[in-house]
1. Taking region 113-130 only, how many residues are touching a residue at least 24 places away in the same chain (Cβ under 8 Å) and in a helix (DSSP H, G or I)?
2. Count, please, the residues in region 170-229 that happen to be part of a loop (DSSP other than H, G, I, E, B), in contact with a helix residue (DSSP H, G or I) (Cβ under 8 Å, 6 or more places away or on another chain) and polar (S, T, N, Q).
3. Restricting to region 232-284, and then to whatever is β-branched (Val, Ile, Thr) and buried (at least 20 other Cβ atoms within 10 Å of the Cβ), can you tell me which residue is farthest from the chain's Cα centre (by Cα)?
4. If residue 160 satisfies all but one of (1) away from the ligand (no atom under 16 Å from the Cβ); (2) out of contact with any Lys or Arg (no Cβ under 9 Å at 6 or more places or on another chain); (3) not in a loop (DSSP other than H, G, I, E, B), what's the number of the condition it fails?
5. Can you tell me which residue in region 138-157 is nearest to the ligand (Cβ to nearest atom), limited to those that are at pLDDT 95 or above and part of a strand (DSSP E or B)?
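The values are calculated or read from the model by the stated rules, or taken from the named source; none is laboratory data. Bear in mind that the values here come from a model prediction, so they are computed numbers and not experimental data. Neighbour counts run over all protein chains shown; Cβ positions are idealised from the backbone, glycine included.
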Amino acid sequence: MWGIIATWRMAHDGVLAAKKMLEAEAFAGDAMETAIKSVEDYPFYKSVGYGGLPNENGILEMDAAYMDGDTFAIGAVAGITDVANPISVARKLSHDKFNSFRVGDGATQYAMLEGFERKNMLTERAKKIWEKRCEEIAKTNLSPYDGHDTVGMVCLDKQARMTAGTSSSGLFMKKKGRVGDSPLSGSGFYVDAEVGGAAATGLGEDLMKGCLSYEIVRLMAAGLTPQQACDKAVYEFADTLTRRYGKAGAFSLVAMNNEGAWGVATNVEFTFSVAVKDGTCGIFMANPGPDHTTLIQPITQEWLDAYEKRIKAPV
Ligand code: GLY
């Protein structure tokens, strides 16, 4: 068996590239890194890598993580700047026994010393969107915060090796140094190759209150299917957070077990991409359903056309 599941429509081209690699017996880590890099490299995705939206000072600070489900090795970066592919830096760090989670200048300097490509990641388009938002905030009481669509993936290869990874530019207009769930093990991602893995997207401040990626893996280890585990973890925590904290931000999780079965749960409309051996391959739309269930439908061409228009609309 092999399989890969990823958050958001934006991951789909990368998932297709990973699918080819997995069919040809590639290591899950290589296939997943290729898939995440393709999202990081695409200039029209506003929440990951090149083209991502900056913090309130106009600086693009990025977070990423890589986890190996066989060894539990983790590498992560937070607030890294001017580096083309944060996921590759995170993966490299996962080989280190110490200092494997780097932040800010420490992360950027590490990437430079290790020879990763230096790149100005703030596109003219992202800069314009930031300038426009600054003007709007000055004029109105508009909440400055918006958009936190992480790409998160879980990957299983033919040898039953599993990896999980994330990459995100985090919350648009965040304060300097703000870090979300994406580089945090257990919150943004988690994988145990003897069980399965999960990855998250959504409001990091709330996701990390529930350690939802770890919780989903724990529930799968206890015998739940990936879909049951996602439904239970996500909807019960959304209810608990609403009751005890007053509200729950948007969050969505994807999961896959070590047999290629997968699941998704979300408290908002959410798209995801999945490919598994001899089975599903495509983009789907998920919505919260009745009684702590998730409604999943194939994406429509109409939705895809509108999405394409929206991400490329003039600023
Ligand atoms: N989920 C990404 C973030 O909140 O930064």
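1. Residues flagged as touching a residue at least 24 places away in the same chain (Cβ under 8 Å) and in a helix (DSSP H, G or I) within region 113-130 amount to 6.
2. 2
3. Taking region 232-284 first, the residues β-branched (Val, Ile, Thr) are 234, 240, 242, 254, 264, 266, 268, 271, 274, 276, 280, 283.
Restricting the remaining residues to those that are buried (at least 20 other Cβ atoms within 10 Å of the Cβ) gives 234, 254, 264, 266, 271, 274, 276, 283.
Numbers: 234: 16, 254: 9, 264: 13, 266: 14, 271: 12, 274: 14, 276: 19, 283: 15 Å.
This residue is 276.
4. The single condition residue 160 does not satisfy is (3).
5. 152
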